[in-house]
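Undergrad: Handing you a structure now.
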Amino acid sequence: MIAETVCSALAAAGLGVAAITAYRKRFLAAARVAGYALVPLGLVMTGVVDWLADTALSPTAWAGFAVLGVSWLLFASTRVVERRRGGTRKDRKERRAAEAAAQRDPVAPTASAPSLGQGRRPAAKPASAPRSEDDFSDIEAILKKHGI
């Protein structure tokens, strides 16, 4: 009974604020406030408030919520494990079969023969002379600084 009274008072106060807002020529904001103000009244009229009050005071309902929570945790944890393993048993079996087939035949059956013609790139230039020990002194200093 108190919940219905409080919800009705909230709705009345919200509608009053909406009327003042509309009087100030802010009709969009007034419509939004009126929409929010009518929510508690609608919840009371549909019986949701009574249902919530009965649920909040019922140990059976809380036990039901606990059971739902445990079931959700089980579903979530099995999904995480399934993702870490790489899918369902059927997926893993298919993947193993595909890997075994790939090991037996390393070249794809539809692969083309390698081209034997001259490449488009010019010949690579010979590597430059190796760097001296002095070039790495700054790297060695950083490594020593970090104790490596």
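Undergrad: Starting from region 5-19, take each residue that is within 15 Å of R32 (Cβ to Cβ) and list its partners that are surrounded by fewer than 16 Cβ atoms within 10 Å (Cβ to Cβ) and of a type in the set (S, T, Y), counting only C-beta distances under 9 angstrom and pairs at least six apart or across chains.
TA: Taking only residues 6 or more apart or on different chains, the pairs are G14/Y36; A18/Y36.
Undergrad: So, one more: Could you please let me know if L15 is under 30 Å from W62 (Cα atoms) and open to solvent by 30 Å² or more (accessible area, probe 1.4 Å)?
TA: So L15 fails the test.
Undergrad: Looking at (1) farther than 24 Å from M1 by Cβ; (2) under 34 Å from the mean Cα position of the chain (by Cα), find the lone condition where P40 falls short.
TA: (1)
For every residue, the table says whether it meets (1) touching a residue at least 60 places away in the same chain (Cβ under 8 Å); (2) under 28 Å from L15 (Cα atoms); (3) among the hydrophobic types (A, V, I, L, M, F, W, C).
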residue: A37; (1), (2), (3): no, yes, yes
residue: V44; (1), (2), (3): no, yes, yes
residue: V48; (1), (2), (3): no, yes, yes
residue: W51; (1), (2), (3): no, yes, yes
residue: S71; (1), (2), (3): no, no, no
residue: F75; (1), (2), (3): no, no, yes
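Undergrad: I'd like to check something: does region 37-53 contain any residue that is surrounded by 11 or more Cβ atoms within 10 Å (Cβ to Cβ), at pLDDT below 90 and assigned to a loop (DSSP other than H, G, I, E, B)?
TA: No - not one qualifying residue is present in region 37-53.
Undergrad: For residues that are in contact with a helix residue (DSSP H, G or I) (Cβ under 9 Å, 6 or more places away or on another chain) and open to solvent by 70 Å² or more (accessible area, probe 1.4 Å), scanning just region 56-97, find the one that is farthest from A3 (Cα to Cα).
TA: R85
The values are calculated or read from the model by the stated rules, or taken from the named source; none is laboratory data. It should be emphasised that the depicted structure is a prediction, and the values quoted were computed from it without experimental measurement. All Cβ positions, even for glycine, are placed from backbone atoms using ideal geometry, and neighbour counts span all protein chains on display. For accessibility, only protein heavy atoms count, side chains too; no ligands or nucleic acids. Shrake-Rupley method; radii C 1.70, N 1.55, O 1.52, S 1.80 Å.
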